[in-house]
Amino acid sequence: TMAHSKALLVLENFIGGKFVPCSSYIDSYNPSTGDVYCRVPDSGKEEVEAAVKAAKDAFPIWSSKSPLERSQILNKLADLIEHELEAFAQAESKDQGKTIKFARTVDIPRAVYNFRFFASSILHHTTECTEMATMGCVHYTSRAPVGVAGLISPWNLPLYLLTWKIAPAIACGNTVVAKPSEMTSVTAWMMCKLLEKAGVPHGVVNVVFGTGAKAGEALVCHPDVPLISFTGSTLTAQRITEKSAPHCKRLSLELGGKNPAIIFDDADLTQCIPTTLRSSFANQGEICLCTSRIFVQRGIYSEFLKRFVAEAKKWKVGNPSDPTVDMGALISKEHLEKVRSYVKKAQAEGARVLCGEGVDSLALPTGNQKGYFMLPTIIAEVKDESCCMQEEIFGPVTCVVSFDTEEEVIGRANSVKYGLAATVWSSNVGRVHRVAQRLQSGLVWTNCWLVRDLNLPFGGMKASGIGREGAKDSYEFFTEVKTITIKH
């Protein structure tokens with residue numbers, strides 16, 4: 001009915017500094033109710049073409065601005081988002097299913113900080129210079145922005161991961177065509193409304209909404225987009241690599257993980273247990289850095305398991321806008337089914353489900369009965385070869401297994417195709433360094449989880465991706481270097 005469609009939020013593409021309607025739309029659901037609450041443009045070749053043209057036209061002016069001028073604009077944008085932090089947090093929670101608490105304390109503050117961080121870091125990069133006295137030559141390097149950056153971001157940390165790409169791209173003087181996930185596009189659209197006020201010239205940031213298959217593909221295949229930064233699944237990354245190969249594009253790919261937590265018998269369990277609960281179930285387990293394989297040394301295995309399960313059972317699952325809730329809804333009905341199917345497979349293989357899915361009953365408030373909720377789920381006695389220990393589940397499911405020796409656990413931790421993050425719990429500093437050196441992992445946290453310094457490289461090994469992002473790494477990715485030799 002018309003009345004029904006009027007109540008829905010309808011997003012528009014943002015191209016060349018203007019909101020542009022689209023000829024067709026996709027429904028976007030509120031994961032906590034199961035209702036359609038928003039319509040997102042179903043963009044394709046035509047819309048991407050217009051956005052790339054706008055970005056190309058804006059490039060000469062934007063790239064010739066000084067780093068300081070760009071820095072001031074990024075800081076202004078950060079201030080404007082921060083000023084509306086509450087509205088952004090509510091929108092992110094409603095659109096993604098995450099708790100309002102998580103959106104308020106993690107997603108939106110981090111999006112703000114992404115702009116502030118790159119506004120600052122861009123002022124501090126220096127280029128190299130060498131002298132060759134015998135040849136009477138001086139060599140130096142200069143760096144220039146690459147051009148139009150294609151940025152594709154996922155649905156789990158929508159504004160957080162989108163700004164982690166937009167900020168360094170425009171700080172370095174590139175212009176941007178971004179495609180957020182069609183499932184979580186609202187905060188990107190809200191950010192577009194602030195760009196002009198922040199002083200971002202028209203065409204510097206363009207946002208095209210739609211699916212990966214249509215809008216994403218058109219962006220990846222566009223000959224005038226020399227660089228693609230993508231966060232998402234390894235499967236999609238393979239497609240991006242194939243499609244962009246004929247154009248020799250540069251790629252930064254941040255993909256999945258099957259991250260181990262290794263808990264030695266000298267771990268401080270008073271810190272380890274609450275942190276490992278967070279590293280397993282924060283944001284419904286929908287973070288690429290979540291620990292979904294927990295290796296516990298035999299001496300403390302039963303005590304760890306008992307305490308870990310008892311604490312997991314205290315987590316409250318329900319309406320994301322309730323500030324007392326620990327875990328919200330999963331992103332979609334399909335995703336919930338996929339995550340549940342892993343628990344069923346584990347049971348069929350003879351593993352024990354200790355709490356959560358299929359074991360405990362989930363009481364939901366009225367109004368959330370049709371939402372995509374699931375309890376924190378802990379599985380024990382899973383074989384290393386099981387798909388539950390090999391594949392990224394990306395939900396509130398973690399597997400706990402025992403081990404005996406340091407040597408053994410390193411081999412088992414490394415026996416998956418992924419290599420994004422690992423956590424190590426031990427009070428023995430020598431062991432911590434030894435194990436960290438040998439884990440095939442782009443990030444290793446010891447006695448903590450998800451403590452990030454944005455200066456340092458972020459990214460994975462093996463099937464977890466290609467390239468690194470962070471102050472220096474992002475600068476190198478988003479600029480072209482030139483070596484200039486002068487004979488005097």
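The values are calculated or read from the model by the stated rules, or taken from the named source; none is laboratory data. Since the structure is predicted, the reported quantities are computational estimates derived from the model, not experimental observations. Note that we place each Cβ from the backbone using ideal geometry, even for glycine, and neighbour counts take in every protein chain shown. Each accessible area value is taken on the protein alone, full model and side chains, heavy atoms only, with ligands, DNA and RNA left out. Shrake-Rupley method; radii C 1.70, N 1.55, O 1.52, S 1.80 Å.
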Residue among VAL204, VAL138 that alone is assigned by the TED database to the domain that holds SER64, among the hydrophobic types (A, V, I, L, M, F, W, C) and more than 21 Å from LYS53 (Cβ to Cβ): VAL138
In segment 316-355, residue surrounded by the fewest Cβ atoms within 10 Å (Cβ to Cβ) [restricted to those that are within 21 Å of the chain's Cα centre (by Cα) and among the β-branched types (Val, Ile, Thr)]: VAL339
Which residues, taken from segment 411-438, are among the aliphatic types (A, V, I, L, M), surrounded by fewer than 23 Cβ atoms within 10 Å (Cβ to Cβ) and either in a strand (DSSP E or B) or in contact (Cβ under 8 Å) with a residue 40 or more places away in the chain (or both)? VAL416, VAL435
Just to be sure before I move on: is GLU49 within 23 Å of the chain's Cα centre (by Cα) and open to solvent by 40 Å² or more (accessible area, probe 1.4 Å) in the structure I sent? no
Considering only residues that are β-branched (Val, Ile, Thr) and open to solvent by 20 Å² or more (accessible area, probe 1.4 Å), look in segment 52-106 and name the one that is nearest to the chain's Cα centre (by Cα). VAL106
Picked from segment 144-156 (must be open to solvent by 10 Å² or more (accessible area, probe 1.4 Å) and not small (Gly, Ala, Ser)), the residue nearest to HIS247 (Cα to Cα) is VAL146
THR366 β-branched (Val, Ile, Thr) and exposed (fewer than 15 other Cβ atoms within 10 Å of the Cβ): yes
Residue count, segment 439-465, condition closer than 26 Å to ILE228 by Cβ and open to solvent by less than 40 Å² (accessible area, probe 1.4 Å), comes to 10
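Results for (1) touching a Ser or Thr at 6+ places or on another chain (Cβ under 6 Å); (2) over 23 Å from GLU69 (Cβ atoms), shown as yes or no for each residue.
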| position | (1), (2) |
| --- | --- |
| LYS94 | no, yes |
| GLY97 | yes, yes |
| ARG104 | no, yes |
| ILE108 | no, yes |
| ASN114 | yes, no |
| GLU128 | yes, yes |
| CYS137 | yes, yes |
| LEU151 | yes, no |
| LEU157 | no, yes |
Which one is surrounded by the most Cβ atoms within 10 Å (Cβ to Cβ), of the residues in segment 107-143 that are in a helix (DSSP H, G or I) and of a type in the set (Val, Ile, Thr)? ILE108
Would you confirm whether or not segment 170-178 contains a residue that is among the β-branched types (Val, Ile, Thr) and open to solvent by 10 Å² or more (accessible area, probe 1.4 Å)? no
So ARG468, is it among the basic types (Lys, Arg) and surrounded by fewer than 18 Cβ atoms within 10 Å (Cβ to Cβ): no
Evaluate the following for PHE394: is it within 17 Å of VAL339 (Cα to Cα) and open to solvent by less than 20 Å² (accessible area, probe 1.4 Å)? no
Which one of THR163, THR175 is under 16 Å from the mean Cα position of the chain (by Cα) and under 30 Å from SER28 (Cβ atoms)? THR163
